[in-house]
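To keep things clear, I will list the structure first and then write my remarks on it.
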Amino acid sequence: MKDKFLKTFIICFVIFITSCATQRLSTIVGGEYNESKNETDYLVFPFGAVTIPGKWEKKEYNPVSKQQYFTNQDSVILAIAFGRYNNYEFNLDGSYKEFDFVMAYYEWDSEYFIKTYGLKRELFESDSIKNFLTYRIYGDIEQGKFNTYFLVGENRGNISLLSISKSDKWTSEEKFNFLKKLYLKEKN
């Protein structure tokens, strides 16, 4: 009787412990420069992929924001992050979807920069059909000038976050157009 109780207890304990474990989704990350096509591929499967025109060198990775940084020969800094719409602190319940998510992300992200650093924001373009918007965060901070261009987009629950910073060689229009072309050409 004691053995049966002990076995039952162990089985229940194992079931309890395994049910408490968080579920994790495995991802495959890859990408490289294709010299014959003069483009750099970057993918985070199953969330998204992008083909960047030209040669871009992979730099640091921010595990908190899930941003992979790249630079090109003009020293332009490009950051790319892919994820799911319900993995953001303001949307853990998944209540914001599609363009509503894009707008909520813009408010959440830009408010952080405004409240934390006293920066300003400028909405550039929004498209509720293709579920993306572009904006700029700019101003002065302790380290100098801050001027970063962002695109946030949603496609079937997958989120694309693209940004360009530290580029004086491109106009504002060129930066926004570059981000928009990357998003609209993403491989799904």
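Every residue in region 57-84 that is part of a loop (DSSP other than H, G, I, E, B) and farther than 17 Å from residue 47 by Cα, please. 72, 73, 74, 75, 76, listed by residue number. Selection within region 66-77: residues that are within 21 Å of residue 28 (Cβ to Cβ) and in contact (Cβ under 8 Å) with a residue 24 or more places away in the chain. The member of this set that is surrounded by the fewest Cβ atoms within 10 Å (Cβ to Cβ) is 67. Looking only at residues in region 96-108 that are among the hydrophobic types (A, V, I, L, M, F, W, C) and without any contact (Cβ under 8 Å) to a residue 40 or more places away in the chain, the one that is least open to solvent (accessible area, probe 1.4 Å) is 104.
Kindly establish whether residue 123 is farther than 21 Å from residue 62 by Cα, open to solvent by 10 Å² or more (accessible area, probe 1.4 Å) and among the aliphatic types (A, V, I, L, M). Yes, satisfied. Inspect all residues belonging to region 45-52 and state whether any of them is at pLDDT 90 or above, part of a helix (DSSP H, G or I) and either touching a Lys or Arg at 6+ places or on another chain (Cβ under 8 Å) or within 13 Å of residue 159 (Cβ to Cβ) (or both). Among the residues of region 45-52, not one is at pLDDT 90 or above, part of a helix (DSSP H, G or I) and either touching a Lys or Arg at 6+ places or on another chain (Cβ under 8 Å) or within 13 Å of residue 159 (Cβ to Cβ) (or both), which makes the answer no.
The number of residues in region 43-65 being in contact (Cβ under 8 Å) with a residue 60 or more places away in the chain, open to solvent by less than 50 Å² (accessible area, probe 1.4 Å) and of a type outside the set (S, T, N, Q) comes to 5. Looking only at region 129-188, residues that are open to solvent by less than 50 Å² (accessible area, probe 1.4 Å), on the phi > 0 side of the Ramachandran plot and free of Cβ contacts under 8 Å to residues at least 60 places away in the same chain come to 3 in all.
On the stretch given as region 105-135, residues that are over 19 Å from residue 173 (Cα atoms) and either in contact with a Cys (Cβ under 7 Å, 6 or more places away or on another chain) or β-branched (Val, Ile, Thr) (or both) total 3. Apart from one condition, residue 3 fits all of (1) open to solvent by 100 Å² or more (accessible area, probe 1.4 Å); (2) at pLDDT 95 or above; the exception is (2).
Could you tell me whether residue 111 is modelled with pLDDT of 95 or more, among the charged types (D, E, K, R) and open to solvent by 30 Å² or more (accessible area, probe 1.4 Å)? Judged against the criteria, residue 111 is a match. Residues that are on the phi < 0 side of the Ramachandran plot and surrounded by 12 or more Cβ atoms within 10 Å (Cβ to Cβ) within region 30-42 comprise 33, 34, 39, 40, 41, 42, listed in sequence order.
The values are calculated or read from the model by the stated rules, or taken from the named source; none is laboratory data. Values in this document were obtained by computation on a predicted structure and should not be read as measured data. Note that each Cβ is placed from the backbone with ideal geometry, even for glycine, and that neighbours are counted across all protein chains shown. The area values use the complete protein model at the heavy-atom level, side chains included, leaving out ligands, DNA and RNA. Shrake-Rupley method; radii C 1.70, N 1.55, O 1.52, S 1.80 Å.
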